[in-house]
Amino acid sequence: MKFSNLHRLGTCGNFLLLGSLVLATPTEGGYHLLKKYELGAAPGGKEYWDYITFDAPTRRLYISHNTEVKVVNADNGSIIAVSLI
């Protein structure tokens, strides 16, 4: 089967387009880190936390892990309370 020059040109163009999409860098997201607070290890020595909820009117973070919930001041990172469930 013979290919026309137009078909070959289209095929080459498609390869160039796909190649440029692979090499393109993704755009930066709208989110970035503003503050980082060290909360220490959760019970059991794990460094991760399960759920984070933010209460805007009181500016408090509620951070849970396993059987513990920490209430943190969102503005300065101080721990307001620790509750064991």
(Q) If I filter the stretch 39-85 down to residues being among the hydroxyl-bearing types (Ser, Thr, Tyr) and free of Cβ contacts under 8 Å to residues at least 24 places away in the same chain, which single residue comes out as most open to solvent (accessible area, probe 1.4 Å)? (A) 51
(Q) If I go through the stretch 19-38 residue by residue, how many of them are surrounded by 10 or more Cβ atoms within 10 Å (Cβ to Cβ) and modelled with pLDDT under 75? (A) 1
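The values are calculated or read from the model by the stated rules, or taken from the named source; none is laboratory data. Source: prediction; values computed, not measured. Glycine also receives a Cβ, built like all others from the backbone with ideal geometry; neighbour counts cover every protein chain displayed. In case anyone asks, the SASA skips ligands and DNA or RNA and just uses the protein heavy atoms, side chains included. Shrake-Rupley method; radii C 1.70, N 1.55, O 1.52, S 1.80 Å.
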